[in-house]
Each structure stands twice: as structure tokens, then as C-alpha cells.
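Enquirer: To start, I am sharing the structure in question, which I have written as C-alpha cells.
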Amino acid sequence: QVQLVESGGGLVQPGGSLSVSCAASGSIFSINSMGWYRQAPGKQGELVARIINNGSTNYADSVEGRFTISRDNAKSTVYLQMNSLKAEDTAVYSCNAAVRTAWYSRPKDYWGQGTQVTVSS
């Protein structure tokens, strides 16, 4: 099995910065991609940012230029640095990883438990 453990998050004022991280552990052969999704109350979940194993990244339009995703492959950890935060960034942020548990297996999605990010004065 694979576990994703998130850390970070919390309360920050508008315009402030916050970072979250997610470490994968368990039966990992390789990780194809890691990313962050978020869901605000009453809204549909959305992809915030994703990084694949060649280093390529993609971001939601709403966070482009403000958020930065990075990855430490040796630690199987993904980071999300969030700057210039806005009230509309308030949501539960969940980590996702597409993991192969063996050389012959197809990637399977795993999820963290989610961490609350609240942007409020």
C-alpha cells in the first residue's frame, strides 16, 4: 500500500504566503506524477497544480504565477508554495500521486487526507 501524508496549511491573511507538503511512502516502485487538488465548500474540486516525473508542471489558471509546485524525488515528496493568497484560495487541499507499486503494474491514484487552507483577515 501507499500512504500520502500532508503537512502545512492553516490560516493566513490575504496577500500572505503558505506552503504545504506531501510525502509518499509504502510500496513505491515509481511515481509518475504528484499534484494538489482543492475543494471549497459548495464548489467542485479542481486541480491546482501537478508535476510529472520529468519535471513538467501545469497549473490552474487561477493560481498561475502565484503558486509553485516542486518535487523531491529522493524523498517522494511534493511541495506547494502559495504566495499572494486570496480569500478564494480557501479550500481543503489534497495531495495526489500516480504510483506504480511494481515494474509490471500500471499507475494507480492515491490521495492524502487533505489539509485546510484558510485565507482570511
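Enquirer: For the chain, modelled as a GNM with alpha-carbon contacts under 10 angstrom, which of Lys108, Lys43, Lys75 fluctuates the most?
Expert: Maximum among the listed residues: Lys43.
Enquirer: Once R0 is set to 25 Å, what does the formula 1/(1 + (r/R0)^6) return for the Cβ-Cβ distance between Gln13 and Glu46, expressed as a FRET efficiency to the nearest 0.05?
Expert: Step by step, r from the Cβ atoms, then E = 0.60.
Enquirer: Once amide H atoms are placed 1.01 Å from N in the peptide plane, what residues at a sequence separation of 5 or more from Thr90, or on another chain, have their amide H within under 5 Å of its amide H?
Expert: Those lying under 5 Å, H to H, from Thr90 are Val119.
Enquirer: If you roll a 1.4 angstrom probe over the protein chains with everything in place, what fraction of the accessible area of the chain belongs to carbon and sulfur, to the nearest %?
Expert: 47
Enquirer: Additional query: Taking the simple approach of a point 7 Å from Cα along Cα-to-Cβ for both Trp111 and Ser25, what is their distance in nm?
Expert: Modelled inter-label distance: 2.2 nm.
Enquirer: Sticking with this one: Would you tally the net charge around Asn83, using a Cβ to Cβ cut-off of less than 14 Å, leaving Asn83 out, and scoring K and R as +1, D and E as -1?
Expert: Overall, the nearby charge balance is 0.
Enquirer: With every protein chain kept in place and ligands, DNA and RNA left out, what is the accessible area per residue of the chain? Probe 1.4 Å, answer in Å².
Expert: Normalised by residue count, the accessible surface of the chain is 54 Å².
The values are calculated or read from the model by the stated rules, or taken from the named source; none is laboratory data. Source: prediction; values computed, not measured. Backbone-built Cβ (ideal geometry, glycine too); neighbour counts: all protein chains shown. SASA here: full protein model, heavy atoms, side chains in, ligands and nucleic acids out. Shrake-Rupley method; radii C 1.70, N 1.55, O 1.52, S 1.80 Å.
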